[in-house]
Amino acid sequence: MENGLRNPSETTGKVITCKAAITWGPGEPFVMEEVRVDPPQKMEVRIKILFTSICHTDLSAWQGENEAQRAYPRILGHEASGIVESVGEGVMDIKKGDHVVPIFNGECGDCLYCKCEKTNMCERAGVDPFMTVMVNDGKSRFSCKEGKPIFHFLNTSTFSEYTVVESACVVKIDPDASLKTMTLLSCGVSTGVGAAWNIANVRAGSTVAIFGLGAVGLAVAEGARARGATKIIGVDINPNKFIKGRAMGITDTINPRDFEKPVHECIREMTGGGVDYSFECAGISEVLREAFLSTHEGWGLTVILGIHTSPKLLPLHPMELFTGRVIIASVFGGFKGKTQLPNFAKECMQGVVNLEEFITHELPFEKINEAFQLLIDGKSVRCMLHL
Ligand code: NAD
Ligand code: ZN
C-alpha cells in the first residue's frame, strides 16, 4: 500500500511485525530489528510512522546522559508524523487514516492541569522521562521476536515503523499539510516558537538573545522575527550555525570563542544594557548563566529550553534575582498540544514560520546512525528520516 501503510482491515486488532531502531545501551549504535507491536488498548492509538527526525533530547537519551533515565532495550525518537493505523477502545477524536503528529507532552483534557489555562502540564500524559511503559497497564506494547519487552520513550517511541501512544499524545493534522514539514511541530519548532509566543510573549521592537542555534534556538528566532523583534542575537560556538541563523531571523551573531570577555558583556554593550529576552537552548549550566546576565536589569526575561543534566542546580545566587531579571523554563513551548497545535499548524501552512529551512538533511530510516552523527558533528539542524 501507499507509504508502506499496511491495509488496516488486515492489521486491526493484531500484532504487527515491523522494523524498529533499537537502543541496547548508552551510545551503542542503533540496531535495526524486527519488533512486534501490540494493538492499541483503551485510549491508545497505533500509528504508522512516515517521518521521524532527531532532536537533541534523543541524542542525550541515547548517550545515557542522565543515569536515572537509562532503560534498555528501548525505542527512542519523539519528533515524527504518520497515519493512524487503528485506535483502541474509547478513542473518539482520532480515527484510522487520520494524519497525525505524536506529542511527547500530552493533553488528556480531563485533569487538573489540562483544565487550568496557566499550564501545559498533564497528569496522565505529560512528559515523563522516567516512564518506560504505557500508563494503562504498566506494560510495553513493543517486544523482540523472542518476547523480551522493549521500553517506550517520552510517550512516543517514533524510531519504529509502527508505534502505540496514548490518544492524549496524538494531534490530528490537516490532510492537506505536508506531513514531512509537520514533523517539526512534534517537538523542536513548537518548543522554540511557542517559547517566544506563549512564554516570553515577545513584543514588536524588542531585543532577543538566543544561546544555541539548533532547531530549538532557530525556532525561537523564527518566533521572535514573526512577532517583530528588531534585534535577534544568535550565540553559538559553531560558526556554521550562523549561515542558517541569518536566513531565519537572526540579525547579529556572537561566537563566544572569538571574545576574551564573557558573552553577556558583549550583549549588554550591543544593546544599551541588555536584551529584553534571552533563551537558553543548549542545556549547559554556564550558558544559562550567560543568558541570564545578558538581559536588561529591571525587566529582562530568560527562558530555559535546554535540558540540563542532573544533579546540577541553577547557576545563580538568589540575590541576583533582586535585579528584576526573571527566569522561567518551558516544556513544548507552553503549547497545550491537542487544543493549540492544529491552529499553529495552520499558521505554519500559511507561512508564518518557515518550516522548510529546518530540514537540512534527509535519509532513509536504515541510516539512523548516520543521522545521529550529523547532529553530533553539528552539521544538521534536522535530518528527516523516511520510514
Ligand atoms: P542541537 O544540538 O541541534 O543544538 C544545540 C546548539 O547549541 C548547537 O548548535 C551547538 O553548537 C550549540 N552550543 C553548544 N554549546 C554551546 C555553548 N557553549 N554556547 C552556545 N551554543 C552552544 O539541539 P536542539 O535539538 O536544538 O535542542 C536544544 C536543547 O533543547 C537540548 O538541550 C534539547 O534537549 C532541548 N529541548 C528541550 C525541549 C523542551 O521542551 N524544553 C524540547 C526539545 C529540545
Ligand atoms: Zn525534542
**Request:** Largest first and to the nearest Å, give the Cα extent of the chain along each principal axis.
**Result:** 65, 40, 37
**Message:** Positive end of the dipole of the chain, charges at C-beta (+1 Lys, Arg; -1 Asp, Glu), about the Cα centre: which of Leu59, Trp24, Ile173 has its Cα farthest in that direction?
**Reply:** Ile173
**Message:** With only alpha-carbon atoms in the gyration tensor, what are the semi-axes of the equivalent ellipsoid for segment 176-333, in Å, largest first?
**Reply:** 23, 17, 16
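Taking the alpha carbon gyration tensor of segment 77-118, what are the square roots of 5 times its eigenvalues, largest first, to the nearest whole Å? Numbers along the way, then the final one.
Numbers: eigenvalues 99, 46, 12 Å².
For segment 77-118, the semi-axes come out at 22, 15, 8 Å.
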**Item:** Exposure ranking of Thr119, Thr163 by accessible area [1.4 Å probe, largest first]
**Value:** Thr119, Thr163
**Message:** For a quick size check, give me the Cα extents of segment 1-159 along its three principal axes, largest first, whole Å.
**Reply:** 41, 40, 27
**Fill in**
Between Thr323 and Thr230, Cβ-based FRET efficiency (R0 22 Å, step 0.05) works out to 0.40
**Message:** Taking just the alpha-carbon atoms of segment 202-275, what radius of gyration and Dmax come out, in angstrom?
**Reply:** 11.4, 33
**Request:** Can you give me the P(r) profile for segment 53-111? Cα pairs, bins 10 angstrom wide beginning at 0, each as a whole percent.
**Result:** 18, 38, 30, 14
**Complete:** FRET efficiency for Met92 and Glu366 from the Cβ-Cβ distance with R0 = 30 Å, rounded to 0.05, comes out at 0.25
**Asked** Suppose every K and R has +1 on its Cβ and every D and E has -1 on its Cβ; what is the size of the dipole of segment 230-369 about the Cα centre, in Debye to the nearest 20?
**Response** 360
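Percent antiparallel among DSSP beta bridges with both residues in the chain, to the nearest 5?
Values: 34 of 61 bridges.
That works out to approximately 55 percent antiparallel.
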**Prompt:** In units of 2.2 N^0.38 Å, what is the alpha-carbon radius of gyration of segment 95-157?
**Reply:** 1.31
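For segment 120-197, what D do you get in µm² per second when you plug the Kirkwood radius from alpha-carbon pairs into Stokes-Einstein at 4 °C and 1.567 mPa s?
In µm²/s, the coefficient rounds to 90.
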**Message:** Could you tell me the calculated FRET efficiency between Ile376 and Asn66, based on Cβ-Cβ distance and R0 = 25 angstrom, to the nearest 0.05?
**Reply:** 0.90
**Message:** In the chain, if the dipole is taken from +1 on Lys/Arg beta carbons and -1 on Asp/Glu beta carbons about the Cα centre, which of Gly88, Val352, Val164 is farthest to the positive end?
**Reply:** Gly88
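The values are calculated or read from the model by the stated rules, or taken from the named source; none is laboratory data. Keep in mind that what you see is a predicted model, and the values were worked out from it rather than measured. Here the Cβ is made from the backbone with ideal geometry for all residues, glycine too, and neighbour counts use every protein chain on show. To get the accessible areas, we keep the full protein, side chains included, count just its heavy atoms, and leave off ligands, DNA and RNA. Shrake-Rupley method; radii C 1.70, N 1.55, O 1.52, S 1.80 Å.
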